[in-house]
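The values are calculated or read from the model by the stated rules, or taken from the named source; none is laboratory data. Since the model is a prediction, treat every value here as computed from it, not as a measurement. Cβ coordinates were reconstructed from backbone atoms using ideal geometry, including for glycine residues, and neighbour counts include every protein chain displayed. With ligands, DNA and RNA removed, areas are computed over all heavy atoms of the protein, side chains included. Shrake-Rupley method; radii C 1.70, N 1.55, O 1.52, S 1.80 Å.
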Amino acid sequence: VVAKLKKYLLPPALIVGAIVIVVILASIRPEPPEREPMVTSMLVDVIEASESQGTFSVQAQGIVRPQTQTSISAEVGGRLVEIAEPFVAGGFFKAGEVLAQIDPSDYEAALLQAQAELASAQATLADETARSEQARRDWERIHGSDREPNDLVLRLPQVARAKASVDAAKASVLRAERNLERTQIRLPYDGMVRARNVDLGQFVGAGTVLGVAFAIDVAEVRLPLSNQDRAFLNLPRAGDVGVSGPEVTLVADVDGQMGQWTGRVVRTEGVIDENTRLSYAVVAIEDPYQRLNPSNAEMQTPILPMGTFVEGTIEGRAATGLVELPRSALRTGDRVFIANDQDELEIRDVEVIRATTDEVYVRNSIYPGDRVIVTGITAPIPGSKVRIRRINNEAVLRLAPEEATTEGGDGS
């Protein structure tokens, strides 16, 4: 009987005893100290917002072209008997310098003939004038001064015919002189030869194109501008020729070296291209080959060859009163991230006035001195704690594009 009681009662008794012991131990165990919850903060780079100074600038590209270019054509026919040394592609010449000479012998003979005909016509006029005067004297001797003789008596038609012959002969002389002068090929400006199409001894007719040359006093660059670009520039109105526009700085690679030149907008073309929706401002650059102004040669200013591709920066309107930020600080939806005085994340909507590749100009909701976050944040939550690392604007511009715009941040 005792063995049976042990068999059935001992296991439950052991279980109850173990439970009692666990309860007693739990009741006498000391409470663990409470730990404050860990607050996670994100390390972010910030810059200090600053008010923009100076003026806006607009960048555009264009090709240098001559302001004046001429297709040199023969005005009279003949054989080329002389070609000047500068009349070669790349040659410089002075205004009025003879570039080529057409055989003048036939035109000299024509001039002599015209002069002889003029002398003959003048002699005939003198004879007819004398006859007319003698006829008047004879009339007055016979009839007195009471009656006026008619034109036929005074031989006035013959005098008029002789005067007309003199005028025609003078015109022939003038034409012969001009034709003789046209045998010498000249241009009225200092320039450079772009191409020559003829050679010594070649026969050319009137209208034959001998070559192409351009003036070197002024070069032009057509800079394409969008509607947004034009809003920040003080450009001359279409049709305002000779009005001085904004200054333009041009840079280009010439002979492996970067050069810089200063030009000025002299006109706008006043037409918007239907395909690109762009219009053009024309920039003038004086003395591009540095041959007309001795001071440029002394300063060793680089030449600006025609056909050079240049990048131009046009000085625009005043940019004061706006906040200037690096382009990477602007977020989708025209927002910026701010670290407030409590080192918490704020998201502010701003009004973008102008955005370029590197900078953005904004207003509203942001003020000079605000700490602007330039680090990308994947899931920005207003009020999140941030840890600050200050950098300057130049450092932001030196960042690679992926560094400045990658979404994410360091958490700890």
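Quick notes on this structure:
- Candidates in the stretch 198-221 are the residues that are in a loop (DSSP other than H, G, I, E, B) and among the charged types (D, E, K, R); of these, the one that is farthest from E75 (Cα to Cα) is D217.
Rundown of residues vs (1) closer than 28 Å to Q59 by Cα; (2) buried (at least 19 other Cβ atoms within 10 Å of the Cβ), yes/no style:
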position	(1), (2)
D199	no, no
V204	no, yes
V221	yes, yes
P236	yes, yes
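- Strands (runs of 3 or more DSSP E) contained in the stretch 271-353 and holding at least 1 residues in contact with a helix residue (DSSP H, G or I) (Cβ under 9 Å, 6 or more places away or on another chain), open to solvent by less than 50 Å² (accessible area, probe 1.4 Å) and at pLDDT 90 or above: 279-286, 309-318, 335-339
- With respect to the conditions (1) in contact (Cβ under 8 Å) with a residue 60 or more places away in the chain; (2) within 27 Å of A281 (Cβ to Cβ); (3) in contact with a strand residue (DSSP E or B) (Cβ under 7 Å, 6 or more places away or on another chain), R371 lacks only one, and its number is (2).
- Enumeration of residues in the stretch 144-168 that are in a loop (DSSP other than H, G, I, E, B) and of a type outside the set (S, T, Y): G144, D146, R147, E148, P149, N150, D151, L152, V153, L154, R155
- Within the stretch 128-155, the set of residues being open to solvent by less than 80 Å² (accessible area, probe 1.4 Å) and either under 60 Å from the mean Cα position of the chain (by Cα) or not small (G, A, S) (or both) comprises E128, T129, Q134, D138, W139, H143, P149, V153, L154, R155.
- Test for T357: is it at pLDDT below 85, part of a loop (DSSP other than H, G, I, E, B) and open to solvent by less than 50 Å² (accessible area, probe 1.4 Å): no
- Figure legend. Inter-residue proximity from the stretch 306-327: first residues closer than 14 Å to L223 by Cα, second residues among the acidic types (D, E) and open to solvent by 50 Å² or more (accessible area, probe 1.4 Å), beta-carbon distance below 9 Å, spacing 6+ or different chains. Indicated pairs: T308/D253; F309/D253; I314/E247; E315/E247.
- When the criteria are applied in full, L125 fails the requirement of being open to solvent by 70 Å² or more (accessible area, probe 1.4 Å) and among the aliphatic types (A, V, I, L, M).
- So Q158, is it more than 38 Å from the chain's Cα centre (by Cα) and open to solvent by less than 60 Å² (accessible area, probe 1.4 Å): yes
- Qualifying positions in the stretch 235-270 - hydroxyl-bearing (S, T, Y) and not in a strand (DSSP E or B): S244
- Of all residues in the stretch 146-181, those being in contact (Cβ under 8 Å) with a residue 60 or more places away in the chain and charged (D, E, K, R) number 2.
- For S57: the one exception among (1) touching a Ser or Thr at 6+ places or on another chain (Cβ under 6 Å); (2) more than 30 Å from T357 (Cα to Cα): (2)
- Residue count, the stretch 255-270 (criterion: of a type in the set (A, V, I, L, M, F, W, C) and either modelled with pLDDT under 90 or open to solvent by 70 Å² or more (accessible area, probe 1.4 Å) (or both)): 1
- Residues of the stretch 21-49 satisfying the condition of being open to solvent by less than 100 Å² (accessible area, probe 1.4 Å), assigned to a strand (DSSP E or B) and modelled with pLDDT of 85 or more: L43, V44, D45, V46, I47
- Among the residues of the stretch 238-254, those identified as exposed (fewer than 15 other Cβ atoms within 10 Å of the Cβ) and small (G, A, S) are A238, G239, G242, S244.
- The one condition from (1) assigned to a helix (DSSP H, G or I); (2) exposed (fewer than 15 other Cβ atoms within 10 Å of the Cβ); (3) under 60 Å from the mean Cα position of the chain (by Cα) that A95 does not meet is (1).
- The stretch 126-145 residues that are under 24 Å from D167 (Cβ atoms) and of a type in the set (V, I, T), paired with ones that are open to solvent by less than 50 Å² (accessible area, probe 1.4 Å) and assigned to a helix (DSSP H, G or I) (beta carbon under 9 Å, 6 or more apart): T129/V159; T129/A162
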